[in-house]
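Before any comments, here is the structure.
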């Protein structure tokens with residue numbers, strides 16, 4: 001899918017076809033759309049391939065006046081039983097004539113611009129628009145991190161009621177999400193720091209201030225991610241210890257019950273043998289044997305109670 005936008009006042013207006021100076025948004029582009037970018041817009045083929053590679057790392061590169069910026073953006077992956085957060089590459093390609101964004105999925109980041117939730121957007125100011133996208137991406141990382149923290153608190157509350165696999169698996173998914181976020185944010189930080197130094201993207205004073213804000217937001221996201229990751233990791237370790245301790249308590253209790261039940265079984269087995277036994281001719285012999293078994297059981301219970309087996 002390919003879309004063309006151009007600023008009209010304070011909003012972006014969709015165009016039926018390409019115009020010079022417009023913003024081109026591409027989502028999982030077809031081969032003919034890639035050929036259009038390569039032949040008409042002069043985008044190197046390597047840049048297009050990098051933008052569609054899920055394993056592409058965050059980087060910035062320039063070739064023949066065309067600049068490629070690849071950053072990781074957060075996405076939410078849902079399934080039937082749970083959900084988790086991940087990241088995918090998002091490419092921004094800057095040429096002299098236009099600005100191109102490319103991704104394999106539709107992103108809320110792009111919707112923020114097309115739906116008018118970002119102010120002062122101008123397709124004539126490519127550099128500012130790039131920084132606005134990067135800033136919006138950093139703030140979306142922060143928003144998802146807060147969602148992960150709230151989800152962790154909810155799961156923690158459920159785990160306090162009962163240890164179920166569903167909640168434990170959800171905690172593991174959240175921890176995995178934080179690992180993805182941490183790796184992606186650090187990669188994005190390298191790109192942002194390089195943007196400060198490069199000179200093939202023209203920066204105006206107000207654009208420089210915006211870039212500094214982007215760097216600050218990204219660093220804050222890195223710190224939050226590190227904190228939440230440590231908390232979640234510690235929580236998982238604590239629950240693992242609690243589950244192991246509870247299992248040990250159950251096994252200890254079951255062992256004590258087995259020992260107590262073995263005493264009357266041992267006594268009745270001895271008196272059930274086909275040999276001469278005490279009180280076999282005594283009318284009260286059954287009750288004597290039952291009392292002996294009960295006495296042994298009481299002694300065993302007292303002994304195990306003092307050893308804190310119950």
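What follows draws every value from the coordinates through simple rules; no lab data is involved. These numbers come from a predicted model, not from an experiment. Virtual Cβ from ideal backbone geometry, glycine too; neighbours counted across all protein chains shown.
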Practice prompt. Using Cα pairs closer than 8 Å and at least 6 residues apart in sequence, work out the relative contact order for the stretch 247-306, in percent.
Written response: 44
Practice prompt. With springs connecting C-alpha atoms under 10 Å apart, model the chain as a Gaussian network and identify which of 192, 68, 295 has the largest mean-square fluctuation.
Written response: 295
Worksheet entry | the chain: relative contact order as a whole-number percent, Cα under 8 Å and 6+ apart | 16
Worksheet, complete the sentence: The residues 102, 251, 84, sorted from fewest to most surrounding Cβ atoms within 10 Å, come out as 251, 84, 102
Discussion item. What distance in nm lies between label points placed 7 Å from Cα along the C-beta direction at residue 179 and residue 19?
Written reply: 4.9
Fill in: Neighbour-count order for 286, 4, fewest beta carbons within 10 angstrom listed first
286, 4
Fill in: Cα-Cα pairs of the chain separated by more than 32 Å (percent)
49
Worksheet item: Points 7 angstrom from Cα along the Cβ direction at residue 161 and residue 209: gap in nanometres?
Response: 5.0
Item to complete: Report, please, the projected area of the stretch 1-104 averaged over directions, based on the convex hull of its C-alpha atoms, in nm².
Response: 8.0
